[in-house]
1. Keeping to region 13-31, report how many residues are acidic (D, E), in contact (Cβ under 8 Å) with a residue 60 or more places away in the chain and not in a loop (DSSP other than H, G, I, E, B).
2. Quick one: count up the residues across region 150-180 that are touching a residue at least 24 places away in the same chain (Cβ under 8 Å) and either part of a strand (DSSP E or B) or buried (at least 16 other Cβ atoms within 10 Å of the Cβ) (or both).
3. Among the numbered criteria (1) in a helix (DSSP H, G or I); (2) open to solvent by 40 Å² or more (accessible area, probe 1.4 Å); (3) at pLDDT 95 or above, which single criterion is violated by E77?
4. Take the residues in region 114-124 that are of a type outside the set (A, V, I, L, M, F, W, C) and surrounded by 15 or more Cβ atoms within 10 Å (Cβ to Cβ); name whichever of them is farthest from S14 (Cα to Cα).
5. Could you list all residues from region 140-149 that are in a helix (DSSP H, G or I) and under 11 Å from the mean Cα position of the chain (by Cα)?
6. Tell me, yes or no, whether region 119-140 has at least one residue that is aliphatic (A, V, I, L, M) and over 22 Å from Q34 (Cβ atoms).
7. Inspect all residues belonging to region 47-57 and state whether any of them is over 20 Å from G145 (Cα atoms) and open to solvent by 80 Å² or more (accessible area, probe 1.4 Å).
8. Could you tell me how many of the residues in region 43-58 are more than 16 Å from H168 (Cα to Cα), over 17 Å from the mean Cα position of the chain (by Cα) and in contact (Cβ under 8 Å) with a residue 60 or more places away in the chain?
Amino acid sequence: MSRSFMDAIAHRRSFYALKNESPISDKEIHKLVQQVVTYVPSAFNTQSTRMVVLLGDKHIKLWKLIKNVLKALIPAEAFVKTEAKINGAFQSGYGTILFYEDVPTILNMQEQFPLYADNFPVWSEQTNGMHQLAVWTALEDAGFGASLQHYNPLIDEIVAREFNIDLHWKLRGQMPFGVPVGEAAEKTFLPIEDRVLFLK
């Protein structure tokens, strides 16, 4: 589907029940992610964001690894609930996108522009967030449901090793996606007057 930009932003939600189905081809998913990485801005055009798209067996493997990590860290009775959530909301989907920041790129910018050195790590987080929102919105506009998860840093080392990911990349989030099962939960909003000042 093709909504207006503002409609797409408003429609983006967290979906916690997913099916292993896709409304578009893998090639179109690849193109969608490439377009976001190409055109989402970054301070000083740093371009520090990296993404890894896991589909099929790789996607399933990721969530099995995450469950193994968590199983070793939390009590057995609590893990039952955690495993059920992962199975039904994340692993059950079609794929997962891993969001990274390339640390050497940030360090290089700090060296080039020492006056702004303290800001580059902050700007890095901001651009990663923009990439996350852009991908999330584009996926949902294509007919997917998605959510944003943060099992990092617990899973960083094992994921990097399993998928041969550059150790200089810092994991910032995981976005499982698939065809949504049912509707998203109702969302509430704080009074907009408390969140936006309009001065003229």
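The values are calculated or read from the model by the stated rules, or taken from the named source; none is laboratory data. Because the structure is predicted, anything quoted here is derived from the model rather than measured. Note that we place each Cβ from the backbone using ideal geometry, even for glycine, and neighbour counts take in every protein chain shown. Ligands, DNA and RNA are stripped out before the accessible areas are found, and what is left, the full protein with its side chains, is counted by its heavy atoms. Shrake-Rupley method; radii C 1.70, N 1.55, O 1.52, S 1.80 Å.
1. 1
2. Selection size over region 150-180: 16.
3. Condition not satisfied by E77: (3).
4. Only one residue tops the list, namely N119.
5. None - no residue of region 140-149 is in a helix (DSSP H, G or I) and under 11 Å from the mean Cα position of the chain (by Cα), so the list stays empty.
6. Yes, that holds for at least one residue.
7. Yes: one or more hits.
8. Counting residues in region 43-58 that are more than 16 Å from H168 (Cα to Cα), over 17 Å from the mean Cα position of the chain (by Cα) and in contact (Cβ under 8 Å) with a residue 60 or more places away in the chain gives 2.
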